[in-house]
1. Which numbered condition in (1) touching a strand residue (DSSP E or B) at 6+ places or on another chain (Cβ under 6 Å); (2) assigned to a loop (DSSP other than H, G, I, E, B) is the only one that residue 188 fails?
2. Take the stretch 31-67 and flag every residue that is outside any loop (DSSP other than H, G, I, E, B) and either in the same structural domain as residue 354 (by TED's automatic domain parsing) or more than 25 Å from residue 208 (Cα to Cα) (or both).
3. Identify, from the list 45, 51, the residue that is under 26 Å from residue 176 (Cα atoms), free of Cβ contacts under 8 Å to residues at least 12 places away in the same chain and either crowded, with 18+ Cβ neighbours inside 10 Å or over 17 Å from the mean Cα position of the chain (by Cα) (or both).
4. From 193, 214, 249, grab the single residue that is within 30 Å of residue 299 (Cβ to Cβ) and within 23 Å of the chain's Cα centre (by Cα).
5. Residues that are touching a residue at least 60 places away in the same chain (Cβ under 8 Å), in the same structural domain as residue 151 (by TED's automatic domain parsing) and surrounded by 15 or more Cβ atoms within 10 Å (Cβ to Cβ): does the stretch 204-215 have at least one?
6. Scan 98, 92 and give me the residue that is crowded, with 17+ Cβ neighbours inside 10 Å, within 18 Å of the chain's Cα centre (by Cα) and outside any helix (DSSP H, G or I).
7. Filter the stretch 106-118 down to residues that are over 13 Å from residue 232 (Cα atoms) and modelled with pLDDT of 95 or more, then give me how many there are.
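The values are calculated or read from the model by the stated rules, or taken from the named source; none is laboratory data. Just so it is clear, the structure is predicted and the values come from calculations on it, not from any experiment. Cβ coordinates were reconstructed from backbone atoms using ideal geometry, including for glycine residues, and neighbour counts include every protein chain displayed.
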């Protein structure tokens, strides 16, 4: 495991830190620290403009090969970029799904035609993507998807029908990558396809899911014979599961270090408040703060261990399988700590319309961390069966 950075890497760190200091200001002041988890619905157009600013500065898709417009940045440099971006209070990336999920997946599994058509728009911050995985009866159990794709011989296109749910930023996206069943007689992970579906068409309806806070960062997406070109099927019609799992492998990549920097910012806020309101004098609070600090360091070192042996094919290593369970549980506990540090004031709203402060918002959103992307229970099954080779849980 590599824990240090070379002089060249540190020079790269200074380059990105200086660029952010000189550009994340002025018209972009308003988006500093905005658009993260629980706030993804905010300032969308401004954050899209920021993506194009990043592109002009040469800071989008830096880990992509140079032939696709990236910098072919090393793992160390990608880690540094994500750390400095979070340190500078960079806004939540509107192009995150395209850059870190769709792009690497197309580079690994896509046809040349798909790369030529879709990678430039992602790179330039001009086209935006959402994820069509979860369904009402297929969340953590992704292989239970019921959305179907039927090939129409007349139009030579796929007709997609079904429903996806909890689709982040679907209203602001141009495309959705969709897992659908191409073999209607199949079950489980067999007979699936991975499709690149344009959202702006008559067969696609996006319906916001309004939350208690009054916001709607999640959506339901309905497909009613939505059309998808045959050339927009990634791989063969039965390769959907392989491509989908490859994409999830990229999700455990270098952006996790940026996520950890955001966690550090939240922990620093908790510590600052504890010192200000006197709760730091409580020995139990001090112990929990110390445990949170230790847990975050463990998270970082495990990520560096994973990245040090990264193969670049999206295949989940055994070490990576513990990451989601670990960080989601850690973040949930940080939310509890934040509420205890706030004390009774944590029960009060700042104003009408469910106006939350940053720690209240973090506490509420962290409750969902252990559910989305695979519940903690599902994560434990994956660790047992795939990482440790234990017998599979009996299936009904």
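1. Just one mismatch for residue 188, condition (1).
2. 52, 53, 54, 55, 56, 66, 67 - these are the residues of the stretch 31-67 that are outside any loop (DSSP other than H, G, I, E, B) and either in the same structural domain as residue 354 (by TED's automatic domain parsing) or more than 25 Å from residue 208 (Cα to Cα) (or both).
3. After ruling out the rest, the residue left standing is 45.
4. 249
5. Taking every residue of the stretch 204-215 in turn, at least one turns out to be touching a residue at least 60 places away in the same chain (Cβ under 8 Å), in the same structural domain as residue 151 (by TED's automatic domain parsing) and surrounded by 15 or more Cβ atoms within 10 Å (Cβ to Cβ).
6. After applying the criteria, what remains is 92.
7. Of the residues in that region, 1 qualify.
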